[in-house]
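So the structure is just underneath, and the comments pick up after that.
The values are calculated or read from the model by the stated rules, or taken from the named source; none is laboratory data. These figures come from a predicted structure and were not determined experimentally. All Cβ positions, even for glycine, are placed from backbone atoms using ideal geometry, and neighbour counts span all protein chains on display.
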Amino acid sequence: MLELRDVNWTLPTGEVIIEDLSLTIPGGKLSVVTGPNGGGKTTLAKLIAGLVKPSAGRIFLDGEDITDLDITQRARLGISFGFQTPVRFKGMTVQDLLETASGRALSFDEVCDLTGKVGLCTLDYIDRDVDTSLSGGEIKRVEIASVLARGTQVSLFDEPEAGIDMWSFNGLVEVFKNLKEQGKTMMIISHQQRLLDIADEIIVLSAGRLRDQGPKDEVMPGLLAGEIAGHCPVGRREGA
């Protein structure tokens, strides 16, 4: 379980991005974070992963205060992060990356299983460099495969659908369903209806504040009503 208590994050210019944010991401569940652009969703993921530190407040993982731990230390505790714009590694092949992520050598069948889950043909990609020769969609799928290879208990995904074709996206939805069935803790930032549909919990962020959180069946009606009305939903916390 992840817990944020009164977390704030402010830019050096003084602009507040996350303000007095307190929320719990339940263990063994799929939580989808949604809301308007610029609402603080990616910053939330970076705060949990350890890429940035709160200006105030504390972050806990299974009751342990991890606020002062960096991204490497948090990774060792079992937190994985899939970036919105993945990092490229010149001179490292797809197989190298997956083995680095898993911490061991992988058989061809294991690599095939991982790449197949994200819609890539192993024979076409196993020896490809993870560099600029890969398209945006390809590098995104490789990164998601690397998160799967780690097999951590907590996985964060920042808009995993970005740059991915519909066929591959359908496969990714199935991957997330399988991880959910395995009792993995996942937090996915997304606006995609199909990912919202498979969520256990929906978290709505707007202007850096928590506007709503709860089971999908409770939050979704208000979310859809807000979209149909032509404005960003503020959720039940604001009287919607």
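Starting from the range 51-77, keep only residues that are over 22 Å from Val147 (Cβ atoms), then list their pairs with residues that are assigned to a helix (DSSP H, G or I) and modelled with pLDDT of 95 or more whose Cβ atoms are within a distance under 7 Å, requiring at least 6 positions of separation or different chains.
Close Cβ pairs (under 7 Å, with a partner that is assigned to a helix (DSSP H, G or I) and modelled with pLDDT of 95 or more) amount to Pro54/Leu47.
Checking Ile18 against (1) touching a residue at least 60 places away in the same chain (Cβ under 8 Å); (2) under 15 Å from the mean Cα position of the chain (by Cα); (3) farther than 21 Å from Ala149 by Cβ, only one condition comes out false. Which one?
If we test Ile18 against (1) touching a residue at least 60 places away in the same chain (Cβ under 8 Å); (2) under 15 Å from the mean Cα position of the chain (by Cα); (3) farther than 21 Å from Ala149 by Cβ, just (2) comes out false.
Give me the pairs: first residue in the range 208-224 and in contact (Cβ under 8 Å) with a residue 40 or more places away in the chain and under 14 Å from Ser22 (Cβ atoms), second residue among the aliphatic types (A, V, I, L, M) and not in a strand (DSSP E or B), beta-carbon distance under 7 Å, and six or more apart or on different chains, which are they?
Every condition considered, the pairs that remain are Arg211/Val234.
I want to confirm something. Restricting to the range 26-50 and keeping residues that are in contact (Cβ under 8 Å) with a residue 60 or more places away in the chain and among the basic types (Lys, Arg), which single residue is nearest to Gly208 (Cα to Cα)?
Filtering first and then ranking leaves Lys41.
Rundown of residues vs (1) crowded, with 22+ Cβ neighbours inside 10 Å; (2) in contact (Cβ under 8 Å) with a residue 60 or more places away in the chain, yes/no style:
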position: Tyr125; (1), (2): no, no
position: Arg128; (1), (2): no, no
position: Leu134; (1), (2): no, no
position: Lys140; (1), (2): yes, no
position: Ala162; (1), (2): no, yes
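For Asn37, only one of the following conditions fails: (1) exposed (fewer than 14 other Cβ atoms within 10 Å of the Cβ); (2) more than 23 Å from Asp200 (Cα to Cα). What is its number?
Evaluating Asn37 over (1) exposed (fewer than 14 other Cβ atoms within 10 Å of the Cβ); (2) more than 23 Å from Asp200 (Cα to Cα) leaves (2) as the failure.
Which of (1) surrounded by fewer than 17 Cβ atoms within 10 Å (Cβ to Cβ); (2) closer than 23 Å to Lys216 by Cα; (3) of a type outside the set (S, T, N, Q) does Leu44 not meet, given it meets every other one?
(1)
Across the range 49-95, which residue is farthest from the chain's Cα centre (by Cα) among those that are surrounded by 16 or more Cβ atoms within 10 Å (Cβ to Cβ) and assigned to a helix (DSSP H, G or I)?
Gln95
What are the pairs, 6+ residues apart or on separate chains, where a residue within the range 106-122 that is within 20 Å of Gly163 (Cα to Cα) and touching a residue at least 12 places away in the same chain (Cβ under 8 Å) has its Cβ under 8 Å from a residue that is surrounded by fewer than 20 Cβ atoms within 10 Å (Cβ to Cβ) and aromatic (Phe, Trp, Tyr)?
Gly119/Trp167; Thr122/Phe108
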